[in-house]
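Heads up: the structure comes next, in structure tokens.
Just so you know, all these numbers are worked out from the coordinates, no wet-lab data involved. Given the structure is predicted, the values throughout are model-derived calculations rather than measurements. All Cβ positions, even for glycine, are placed from backbone atoms using ideal geometry, and neighbour counts span all protein chains on display.
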Amino acid sequence: MLGNLLGGFIVVLVGVNLIPTIADSIWTATNGANGSGGNITGASASILDLTTIFFALGIMSAGVSLAVGGLRNAGLV
């Protein structure tokens with residue numbers, strides 16, 4: 001139980017610390033390194049902008065599932 005809870009905490013902690021790096025990389029891809037325009041435009045840029053949100057949702061769901069799994073094994077849920 002404690003291992004799953006600790007693992008979930010580590011996953012969330014690492015994921016939250018990676019979100020700014022991912023957001024900066026996406027901004028560079030869509031806007032260019034110096035703001036002069038990137039290689040990705042149109043609908044592809046709109047979809048790429050959603051990557052940060054989906055990454056955050058994935059990190060959140062992974063952490064919650066590990067925590068719920070640990071609590072279920074302990075008989076608390």
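Give me a count of the residues in the range 32-77 that are in a loop (DSSP other than H, G, I, E, B) and closer than 20 Å to Val16 by Cβ. Quick ask: steps written out before the conclusion?
Start the filter on the range 32-77 by keeping residues that are in a loop (DSSP other than H, G, I, E, B), which leaves 32-42, 50, 75-77.
Okay, now just the ones that are also closer than 20 Å to Val16 by Cβ, so 50.
Of the residues in the range 32-77, 1 are in a loop (DSSP other than H, G, I, E, B) and closer than 20 Å to Val16 by Cβ.
Just to be sure I understand the filter: pairs with C-beta atoms under 7 Å, separated by 6 or more residues or on different chains, first member in the range 53-77 and at negative phi, second member loosely packed, with under 12 Cβ neighbours inside 10 Å. Which pairs pass?
Val68/Val77; Leu71/Val77
Conditions tested, residue by residue: (1) in contact with a Lys or Arg (Cβ under 9 Å, 6 or more places away or on another chain); (2) more than 29 Å from Leu76 (Cβ to Cβ); (3) loosely packed, with under 12 Cβ neighbours inside 10 Å; (4) of a type in the set (Lys, Arg).
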{"site": "Val11", "(1), (2), (3), (4)": "no, no, no, no"}
{"site": "Val16", "(1), (2), (3), (4)": "no, no, no, no"}
{"site": "Pro20", "(1), (2), (3), (4)": "no, yes, yes, no"}
{"site": "Asn31", "(1), (2), (3), (4)": "no, yes, no, no"}
{"site": "Asn34", "(1), (2), (3), (4)": "no, yes, yes, no"}
{"site": "Ile40", "(1), (2), (3), (4)": "no, yes, no, no"}
{"site": "Ala43", "(1), (2), (3), (4)": "no, yes, yes, no"}
{"site": "Ser46", "(1), (2), (3), (4)": "no, yes, yes, no"}
{"site": "Leu50", "(1), (2), (3), (4)": "no, yes, yes, no"}
